[in-house]
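Visitor: Got a structure for you, written out below as structure tokens; questions coming shortly.
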Amino acid sequence: MLAYILRRVFQSIIVLLVVGLVAFSMFRFVGDPIEQLLGQERTQADVERLREALGLNDAFVIQYLNFLGRALQGDFGISYRQSRPVADIIAERLPATLELALISGMLAVGLGIALGVFTAIRRDGVAANIIMSTSLIGVSLPTFLIGILLIYLFGVQLRWLPTFGRGDVVDLGWWTTGLLTESGLKSLILPSITLGLYQMTLIMRLVRSEMLEVLRMDYIRFARARGLRARAVNFRHALKNTMVPVITVTGLQLGSIIAFAIITETVFQWPGVGLLFINAVQFVDIPVMAAYLMLISVMFVLINLVVDLLYVWVDPRLRIDGRAA
Amino acid sequence: MTRPVLELRDLTVEIPTRRGTLRPVDRVSWAIAAGEILGVVGESGSGKSMTGNAVIGLLDRPAAITGGEVLLEGERIDRYTLRQMRGIRGKRIGMVFQDPLTSLNPLLTIGDQLVETITEHLDVSDREARARALQGLEEVGIPSAKNRMDAYPHEFSGGMRQRVVIALALCAEPTLLIADEPTTALDVSVQAQITALLKRLCRERGMAAMLITHDMGVIAETADRVAVMYAGRLAEIGPVAQIVGSPRHPYTDGLMASTPAASAGQERLRQIPGAMPRLTSLPDGCAFHPRCPRVADKCRHDPRPEVGTADARAACWFPIEAGEEAA
Amino acid sequence: MSDLPDATRQSTEPMGRLEPAETVRPSRWRSAWDGDLAYSFRRSPVAMIAAFVTVLLVLAAVCAPLIAPHDPFDPRTLNLMNGFSEPMVPNQFTGETFWLGTDDQGRDVFSTILYGLRISLTVGFSAVAFAMTLGVLLGLLAGYLGGWVETIIMRIADVQLTFPSILVALLIFGVARGVIPIEYRDQMAIWVLIIAIGLSDWVQFARVVRGATLVEKNREYVQAARLIGRSGPAIMLQHILPNVLSPVLVIATISLALAIIAEATLSFLGVGAPPTQPSLGTLIRIGQDFLFSGKWWILMFPAATLLALALSVNLLGDWLRDALNPKLQ
């Protein structure tokens with residue numbers, strides 16, 4: 001078991017190093033930092049000085065290691081566009097994204113599992129069929145379209161909810177939250193639905209299909225043959241076994257919520273790191289792109305790691321040798 | 001016999017498919033008395049498992065009972081609602097399936113699975129349920145049962161797992177046990193132990209048992225009476241000695257001649273030419289007639305032959321008489 | 001334990017039957033396609049409608065130059081006075097009627113949708129074709145050659161799989177943007193889109209194909225072929241490929257829907273098809289500005305088209321997956 005954990009941690013580190021390499025390569029080979037930072041009016045001497053200062057004359061590997069070292073300390077360089085330290089910019093905008101992701105995630109997981117179980121148990125019912133049909137639309141509707149339509153309906157036509165921005169936020173020092181103000185909460189509603197809908201649909205369909213699969217298993221048959229009640233069979237036996245693969249995928253999905261936030265933030269002009277990234281891509285602001293990439297990777301790798309460990313904890317069959325069944 | 005524990009009267013199961021309506025079980029009738037083990041034998045697809053599923057009411061849709069009756073201790077259960085069947089399953093009919101590994105929920109300890117079954121059917125406290133569970137495990141021969149109660153299924157060997165499954169099926173003390181290929185997934189050495197266990201439990205509890213298998217060796221060892229199924233129909237039924245020693249139906253005869261266990265003394269194993277027909281293309285008349293060495297015109301057209309008594313009969317116009325050679 | 005599938009399946013297998021006529025097995029390529037698939041299609045009204053819509057949209061896109069009332073990108077045919085015409089209502093200045101209205105520049109929305117469909121479908125199909133080719137190839141190589149080739153390919157796949165494809169696509173786009181000089185950006189946009197989406201999607205193909213290759217590699221007929229002296233590539237193409245066709249097809253269909261949505265998303269975000277060659281996503285982006293000022297048609301019609309397309313392809317993919325799933329037969 002310990003060996004498994006160590007192995008996974010090791011793998012995670014490798015992934016991070018690779019991502020770091022990609023991020024660093026972007027820095028080195030895309031665009032010209034000198035040009036970006038110094039502008040048109042520059043002398044050769046300026047250029048040389050900057051090259052030395054940025055360490056551009058060192059060997060590739062040295063630069064890479066320096067880059068990593070600085071990254072670990074939280075130094076991601078200066079944004080080409082805003083001429084401010086990237087770390088500061090990200091720190092400012094991260095709470096917005098994280099709050100949004102959290103609410104969406106809870107929505108997606110809660111509703112997703114509930115609906116998934118319902119449509120699996122009541123497989124031939126009318127309600128289940130309606131839900132499944134609408135779910136297909138949920139998967140086919142691009143997130144941005146959902147956002148736009150929601151804004152149109154609730155923001156423009158009905159005027160119930162705000163159409164952009166985060167509303168009033170409360171500054172807690174290192175974190176700004178929109179959860180404590182009315183306008184903040186109202187502003188969270190439409191974006192969370194937008195962001196969470198796709199994930200919810202995915203989770204629901206996954207839970208349903210896994211549960212249907214489980215319900216065909218022999219031990220379910222045997223449980224029925226022993227006369228156990230439907231509730232016991234469905235929840236104690238089927239759901240428990242369904243959760244095992246669901247946890248893995250759900251965990252990974254939650255990670256991708258943070259990435260999908262890019263779209264939602266664009267539609268709602270939500271001041272988070274997603275919107276930041278898109279602007280960075282449009283302006284080829286490499287430091288911000290690289291920093292975002294590294295940050296997201298760390299989050300993903302962490303989530304993956306936690307999910308894998310959770311998987312082992314939930315399924316007793318894996319505990320003995322720690323290998324996935 | 002006195003009122004039998006289980007009685008089937010012309011039980012018929014049909015499955016509507018796009019190729020037509022299939023009849024995996026076609027007017028099957030038999031009875032099992034208390035303490036008696038009826039072996040149901042036949043090839044894959046002969047309908048034996050389907051019959052077992054029909055009795056306990058676990059037919060997969062769209063298969064359904066479309067005719068006949070199933071009587072459990074005189075009570076008609078084939079038309080029972082889901083709720084009523086739930087009350088019967090486990091409590092009055094226990095069922096054991098082929099693969100013990102997949103029969104047990106891998107995420108629950110066997111103690112948990114036992115206790116939940118016991119508390120479902122018997123009105124006892126958790127502690128008492130646990131005690132009974134322990135007892136049940138000991139009865140089926142699990143060594144150091146106390147320690148194994150909190151173990152997970154994958155921590156047991158195949159034979160032990162099947163014992164656990166049997167304990168689970170019997171913990172609410174049913175009067176009928178249906179065992180569907182209980183030894184097929186086990187090693188040969190373990191098979192004998194399990195069949196001996198089943199035999200003992202039936203005797204001790206006076207429990208009727210329907211032992212479904214394709215293995216004649218198991219039947220010869222364990223069953224009191226034997227029912228032979230072919231293409232969904234009952235070919236022959238009778239006491240085990242008679243079925244094995246002097247079968248009356250040509251199919252049974254061919255079956256015995258091709259099985260090492262039942263044909264001791266024979267020089268060569270015989271083989272029945274051809275194969276059991278598909279349910280979609282059953283021949284007219286007797287289902288076995290295309291392969292039968294004794295076939296006559298009557299067999300090709302007249303359906304439903306049956307000759308004999310309720311306890312020992314053969315579905316054949318020209319059954320083999322004692323002492324006669326088959327062909 | 002013998003329940004329904006067992007009973008009927010057993011009885012449909014030729015167990016040494018007496019009829020000699022059934023000794024010829026249908027060729028590998030046809031076995032999955034005949035009878036069952038067509039039958040399943042006929043029985044599913046949803047699949048038929050989905051297929052119909054998809055084909056309709058594809059045809060519309062292909063024939064766009066022929067059926068579009070106007071060429072929306074030819075400045076000579078544009079009349080600014082036509083701008084903001086409502087659907088089916090004669091324009092107050094010129095009296096012309098447009099089925100689906102016009103945008104701010106007087107472009108006929110119906111025509112822009114047709115051309116936009118073209119771009120969307122081109123990118124979608126090309127990206128999937130690219131991903132499929134790359135994925136299948138790498139999968140075959142990984143499975144067949146094994147060793148460090150397999151390790152490298154699968155490790156890369158694992159790393160890439162950790163990230164959502166949209167992120168990968170965005171990244172590739174961003175890098176390409178930085179590398180390509182400004183003058184060429186618009187022209188190259190479509191290519192970059194195809195490559196970006198394709199590169200973000202190859203992994204699932206590779207995984208499935210590698211798995212299947214590993215299974216087939218050890219089968220006797222492959223070893224026999226090797227003994228005869230058939231070359232590796234020949235074996236892979238002739239024997240292994242047909243066996244992986246089913247799952248690859250299902251993945252491809254679902255990937256198509258995803259690719260279409262991905263392209264629309266990227267275009268909407270402003271990093272996809274440019275306004276000079278707009279896809280449905282770009283049209284939606286442009287239309288968003290006008291939505292809130294009441295000119296709903298500029299956004300709604302392209303949006304509806306996109307939804308119809310994605311939905312149909314998804315439905316087809318769903319049906320295909322159920323129809324080809326051996327476990328459900």
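The values are calculated or read from the model by the stated rules, or taken from the named source; none is laboratory data. These numbers were taken from a predicted model, which means no experiment stands behind them. Please note: Cβ atoms are built from the backbone with ideal geometry, for glycine as well, and neighbour counts cover all protein chains shown.
Visitor: Among (1) crowded, with 17+ Cβ neighbours inside 10 Å; (2) within 13 Å of chain A (Cβ to nearest Cβ); (3) at pLDDT below 90, there is one condition B:Gly47 misses while meeting the rest; what is its number?
Guide: Single failed check for B:Gly47: (2).
Visitor: Residues of the range A:258-295 being modelled with pLDDT under 85 and of a type in the set (Val, Ile, Thr), which ones?
Guide: Selection gives A:Ile258, A:Val281, A:Val284, A:Ile286.
Visitor: Mind telling me which of the residues C:Asp322, C:Asp318 ends up being at pLDDT below 80 and acidic (Asp, Glu)?
Guide: Only one candidate qualifies: C:Asp322.
Visitor: Would you point out which residue out of B:Pro283, B:Pro293 is over 20 Å from B:Val40 (Cα atoms) and without any contact (Cβ under 8 Å) to a residue 24 or more places away in the chain?
Guide: Of B:Pro283, B:Pro293, the one residue that is over 20 Å from B:Val40 (Cα atoms) and without any contact (Cβ under 8 Å) to a residue 24 or more places away in the chain is B:Pro283.
Visitor: On to the next question. Would you confirm whether or not the range A:115-138 contains a residue that is more than 24 Å from C:Ala304 (Cβ to Cβ), under 24 Å from the mean Cα position of the chain (by Cα) and surrounded by 20 or more Cβ atoms within 10 Å (Cβ to Cβ)?
Guide: Yes, there is a match, as at least one residue in the range A:115-138 is more than 24 Å from C:Ala304 (Cβ to Cβ), under 24 Å from the mean Cα position of the chain (by Cα) and surrounded by 20 or more Cβ atoms within 10 Å (Cβ to Cβ).
Visitor: Cβ-Cβ distance below 8 Å, separation of 6 or more or different chains: which pairs start in the range B:185-208 with a residue that is within 16 Å of B:Val164 (Cα to Cα) and end on one that is in a loop (DSSP other than H, G, I, E, B) and among the hydroxyl-bearing types (Ser, Thr, Tyr)?
Guide: Correct list of pairs: B:Val190/B:Thr183; B:Gln191/B:Thr183; B:Ile194/B:Thr183; B:Thr195/B:Thr183.
Visitor: Further, regarding this structure: Would you call B:Val70 in contact with a helix residue (DSSP H, G or I) (Cβ under 9 Å, 6 or more places away or on another chain) and of a type outside the set (Asp, Glu)?
Guide: In short, yes.
Visitor: Among the residues of the range C:277-296, which ones are crowded, with 23+ Cβ neighbours inside 10 Å, small (Gly, Ala, Ser) and within 11 Å of chain A (Cβ to nearest Cβ)?
Guide: Across the range C:277-296, the qualifying residues are C:Gly281, C:Gly287.
Visitor: Going by the structure shown, is B:Gly39 away from chain C (no Cβ under 11 Å), in a strand (DSSP E or B) and touching a helix residue (DSSP H, G or I) at 6+ places or on another chain (Cβ under 7 Å)?
Guide: yes
Visitor: If you check B:Gly67, B:Gly90, B:Gly35, B:Gly47, which single one turns out to be among the small types (Gly, Ala, Ser) and closer than 18 Å to B:Asp311 by Cα?
Guide: It is B:Gly35.
Visitor: Another question, if that's okay. May I ask you to list the residues in the range A:124-177 that are among the charged types (D, E, K, R) and without any contact (Cβ under 8 Å) to a residue 60 or more places away in the chain? First the steps, then the outcome.
Guide: Step one: of the range A:124-177, the residues among the charged types (D, E, K, R) are A:124, A:159, A:166, A:168, A:171.
Within the range A:124-177, A:Asp124, A:Arg159, A:Asp168, A:Asp171 qualify.
Visitor: Hand me the list of helices (runs of 4 or more DSSP H) wholly inside the range B:121-217 holding 3 or more residues that are within 14 Å of another protein chain (Cβ to nearest Cβ).
Guide: B:126-139, B:158-170
Visitor: Next question. Return the total of residues in the range B:3-36 being buried (at least 20 other Cβ atoms within 10 Å of the Cβ), farther than 24 Å from B:Leu255 by Cα and within 14 Å of chain C (Cβ to nearest Cβ).
Guide: 3
Visitor: Here's another thing I want to ask about it. Given the options A:Leu172, A:Leu149, A:Leu153, name the one that is surrounded by 14 or more Cβ atoms within 10 Å (Cβ to Cβ) and of a type outside the set (Val, Ile, Thr).
Guide: A:Leu149
Visitor: Also, I was wondering about something else. Select from the range C:141-183 the residues that are touching a residue at least 40 places away in the same chain (Cβ under 8 Å), crowded, with 21+ Cβ neighbours inside 10 Å and facing chain A (nearest Cβ under 8 Å) and list them in ascending order.
Guide: Listed by number, the residues that qualify are C:Ile166, C:Leu170, C:Phe173, C:Gly174.
Yes/no per residue for (1) on the phi > 0 side of the Ramachandran plot; (2) surrounded by fewer than 22 Cβ atoms within 10 Å (Cβ to Cβ); (3) in contact with a Gly (Cβ under 8 Å, 6 or more places away or on another chain); (4) free of Cβ contacts under 8 Å to residues at least 40 places away in the same chain:
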site: C:Trp202; (1), (2), (3), (4): no, no, yes, no
site: C:Phe205; (1), (2), (3), (4): no, no, yes, no
site: C:Ala234; (1), (2), (3), (4): no, yes, no, yes
site: C:Pro242; (1), (2), (3), (4): no, yes, no, no
site: C:Val248; (1), (2), (3), (4): no, yes, no, no
site: C:Pro275; (1), (2), (3), (4): no, yes, no, yes
site: C:Leu299; (1), (2), (3), (4): no, no, yes, yes
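Visitor: Take A:Ala223 and tell me if it is over 20 Å from A:Leu310 (Cβ atoms), among the aliphatic types (A, V, I, L, M) and within 12 Å of chain B (Cβ to nearest Cβ).
Guide: yes
Visitor: While we're on this one: Can you name the residue in the range C:115-135 that is of a type in the set (Val, Ile, Thr) and surrounded by fewer than 23 Cβ atoms within 10 Å (Cβ to Cβ) and is also farthest from C:Cys63 (Cα to Cα) among such residues?
Guide: Looking at residues that are of a type in the set (Val, Ile, Thr) and surrounded by fewer than 23 Cβ atoms within 10 Å (Cβ to Cβ), I get C:Thr133.
Visitor: Tell me, please, whether a residue that is more than 21 Å from A:Leu239 (Cα to Cα), of a type in the set (Val, Ile, Thr) and without any contact (Cβ under 8 Å) to a residue 12 or more places away in the chain can be found in the range B:147-168.
Guide: no
Visitor: If I ask for residues that are among the hydroxyl-bearing types (Ser, Thr, Tyr) and surrounded by fewer than 16 Cβ atoms within 10 Å (Cβ to Cβ), which ones from the range B:55-92 would you list?
Guide: B:Thr66, B:Thr81
Visitor: Further question on the same structure: Look through C:Leu214, C:Leu256 and report the one residue that is among the hydrophobic types (A, V, I, L, M, F, W, C), in contact with a Gly (Cβ under 6 Å, 6 or more places away or on another chain) and within 14 Å of chain A (Cβ to nearest Cβ).
Guide: C:Leu256
Visitor: Moving to a separate point now. Of the numbered conditions (1) crowded, with 24+ Cβ neighbours inside 10 Å; (2) more than 10 Å from every other protein chain (Cβ to nearest Cβ), A:Ile263 fails exactly one; give the number of that condition.
Guide: (2)
Visitor: OK, next. Based on this model, can you work out whether B:Thr102 counts as within 19 Å of B:Glu181 (Cα to Cα) and among the β-branched types (Val, Ile, Thr)? First the steps, then the outcome.
Guide: Details: within 19 Å of B:Glu181 (Cα to Cα): yes; among the β-branched types (Val, Ile, Thr): yes.
Answer is yes for this residue.
Visitor: Out of A:Gly167, A:Gly138, A:Gly147, A:Gly155, I need the residue that is closer than 14 Å to A:Ser183 by Cβ and in a helix (DSSP H, G or I). Which one?
Guide: A:Gly155
Visitor: Being part of a helix (DSSP H, G or I), in contact (Cβ under 8 Å) with a residue 40 or more places away in the chain, at negative phi and not charged (D, E, K, R) is the requirement here; does C:Leu309 meet it?
Guide: yes
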